[in-house]
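J.: Have a look at this one.
The values are calculated or read from the model by the stated rules, or taken from the named source; none is laboratory data. Everything quoted here is computed from the prediction, not taken from an experiment. Counting neighbours? That spans all protein chains shown, and the Cβs are built from the backbone with ideal geometry, glycine included.
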Amino acid sequence: MVVFRGIVPLLFVVSAMTACPEQVVVRDAPADCGDGVLQTDEECDDGNEDAGDDCTTACRRAVCGDGQTRTDLDAQEPGFEACDDGNDLATDECTNDCQVARCGDGIVRTGRSEGDEGFEACDDGNDSEHDECLTNCRTARCGDGILQTGIEECDDGNEINTDACGDNCIRARCGDGVTQEGEECDDGNRVETDGCLGRCEAARCGDGIQRSDLTEQEEGYEACDDGNEIDADGCKTNCRRNVCGDGVVGPGEGCDDGDDDPADDCHDCRPTRCGDGAVQEGEFCDDGNLNNNDSCLVNCAVATCGDGVVRQDLQPEDGAYEDCDDGNGIDQDACTNTCARAQCGDGIQALWEGCDDGNREQTDDCTNRCEPARCGDGHRQAGVEECDDGNDIVTDACTAGCRDARCGDGMIHIGVEECDDGNDIEVDQCTNDCRVPRCGDGVVGPLEECDDGNDVDDDDCRDNCRLPRCGDGVIQGDEDCDDGNRWQGDACLNDCLLASCGDGILHLGVEGCDDGNDVDT
């Protein structure tokens, strides 16, 4: 007897005819999905209404992404699903591999605002607290108490700007503009002639540096400062210039009795017997001439550096030779207090110099041009700068911030990097090796189900970065065939098994019938 299954809801019994050697019966339409009988348009039928086993209530094989969560497996078993939302969106509450989204899975969860439970600002999938994404999926920032290596010098997690780590995550140092413990002051500049010296000590009379930020009427004003406690040179210990009539015998004075009496032994700071060639009481010398450029001045005072008169009786190799002598006690003008002409590199910061450390070292904080070192001056400052190429180009090997260019700094290094988004998120538009993401790079991107980085199309990940499945047109390891269609009547069934007589499916043009059993009568 031959059995045909069709869609006609009537039962006919046809008598034997000469053209048909046996009885033909046309039966009722197949029962609904769930009757436990496998129909031609069903992948499975287990006869129950349990949507969480391996056969769905739609009589389809359960797969991740079908929108029905399997509940018949333990977490350790292949095919286990913690969730199944039936979409291809990897950044919602259920990932594309049917796992509940969690912080640390390497996928940034979207759709939640900061403050909501489960919100993620980033997710780099690692356990490092020292990159730009913390293990709580929050973006690292200065002040979070976690040191970002290569970006922050320190991070103590507070907003106190007067401790060892500033609120900008830079270690406290003299010159940062914040007065720390051990500093008397810190005005953030390298000007030596104001109220705070470059070494963060308060300026004072006697420190050897003349203040230039005050007027004569202001407290702390200095007319000079030679850094010693000698009252008889050109600058007195109160930082006032030594002048005739102040009662102190200074450079160029033969005497100084502090009065204007022309009838005593000292008038205009000259002893009355000066010039007779004999050293008398009150005279330091007396050479009997009127030459004021030798070792004895015309006022019978011994010539000294700072007396305002340039000696002309000596050669440069002589010990007391003077190149200049302005007699003002100011060390920072064109003529120093050693009677040498001021020049960059003499160790004395002149008024027109930003600094002067007296050496020829280009990598410290004062250049050989007596300018404070800065990022972009073309000289790498040791311990401060990683590089310095002297330009403002941010895309070459040395950034405009004087840091060595590196993948992850947020600046595209031309000729080396394809992109650089400055984060450690591997699944955004720029990978962590600064390459534009593409199918086949071995990193699962936002629009990919998988990415194994090879060109093999019949392994666990297709060349189009989709997970292999029956019906994708590629024969996988456990499939007999795969023609990529949903037609049950051809040589390859929808469960990727080869069609055969007895499989319960009528193959037109090949079989006259197929009832799926072994009964031959």
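J.: Out of Thr91, Thr57, I need the residue that is under 21 Å from Asp451 (Cα atoms), surrounded by 13 or more Cβ atoms within 10 Å (Cβ to Cβ) and hydroxyl-bearing (Ser, Thr, Tyr). Which one?
T.: Answer to the check: Thr91.
Matching residues to (1) touching a residue at least 60 places away in the same chain (Cβ under 8 Å); (2) surrounded by 12 or more Cβ atoms within 10 Å (Cβ to Cβ):
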site	(1), (2)
Lys236	no, yes
Asp246	no, yes
Gly252	yes, yes
Cys255	no, yes
Arg270	no, yes
Cys274	no, yes
Ala278	no, no
Asn293	no, yes
Asn299	no, yes
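J.: Can you name every residue in the stretch 499-521 that is of a type in the set (S, T, N, Q) and either touching a residue at least 12 places away in the same chain (Cβ under 8 Å) or within 14 Å of Trp487 (Cα to Cα) (or both)?
T.: Here is the first cut: in the stretch 499-521, the ones of a type in the set (S, T, N, Q) are 500, 517, 521.
Once the filter is applied, which keeps residues that are of a type in the set (S, T, N, Q) and either touching a residue at least 12 places away in the same chain (Cβ under 8 Å) or within 14 Å of Trp487 (Cα to Cα) (or both), the stretch 499-521 yields Asn517, Thr521.
J.: Has the stretch 202-221 got any residue that is surrounded by fewer than 17 Cβ atoms within 10 Å (Cβ to Cβ), of a type outside the set (Asp, Glu) and within 40 Å of the chain's Cα centre (by Cα)?
T.: Within the stretch 202-221 (the criterion being surrounded by fewer than 17 Cβ atoms within 10 Å (Cβ to Cβ), of a type outside the set (Asp, Glu) and within 40 Å of the chain's Cα centre (by Cα)), the answer is yes, since at least one residue qualifies.
J.: Looking at the structure I just gave you, is Cys174 in a loop (DSSP other than H, G, I, E, B), touching a Lys or Arg at 6+ places or on another chain (Cβ under 9 Å) and not aromatic (Phe, Trp, Tyr)?
T.: Here the answer is yes, as Cys174 does meet what is asked.
J.: Answer yes or no as to whether Asp420 is in a loop (DSSP other than H, G, I, E, B), more than 17 Å from Gly125 (Cβ to Cβ) and of a type in the set (D, E, K, R).
T.: It is true that Asp420 is in a loop (DSSP other than H, G, I, E, B), more than 17 Å from Gly125 (Cβ to Cβ) and of a type in the set (D, E, K, R).
J.: Follow-up. Which of the residues belonging to the stretch 67-77 are modelled with pLDDT of 90 or more and under 41 Å from the mean Cα position of the chain (by Cα)?
T.: Correct list: Gln76 only.
J.: Just checking, which of Asp276, Asp287, Asp264, Asp307 is assigned by TED's automatic domain parsing to the domain that holds Asn328, closer than 15 Å to Ala232 by Cβ and either part of a loop (DSSP other than H, G, I, E, B) or of a type in the set (S, T, N, Q) (or both)?
T.: Exactly one of Asp276, Asp287, Asp264, Asp307 is assigned by TED's automatic domain parsing to the domain that holds Asn328, closer than 15 Å to Ala232 by Cβ and either part of a loop (DSSP other than H, G, I, E, B) or of a type in the set (S, T, N, Q) (or both), namely Asp307.
J.: Which pairs have Cβ atoms under 9 Å, sit 6 or more apart or on different chains, and link a residue in the stretch 307-318 that is in contact (Cβ under 8 Å) with a residue 24 or more places away in the chain and within 24 Å of Gly254 (Cβ to Cβ) to one that is among the aliphatic types (A, V, I, L, M) and assigned to a loop (DSSP other than H, G, I, E, B)?
T.: From residues that are in contact (Cβ under 8 Å) with a residue 24 or more places away in the chain and within 24 Å of Gly254 (Cβ to Cβ), the pairs are Asp307/Leu297; Asp307/Ala301; Val309/Leu297; Val309/Ala303.
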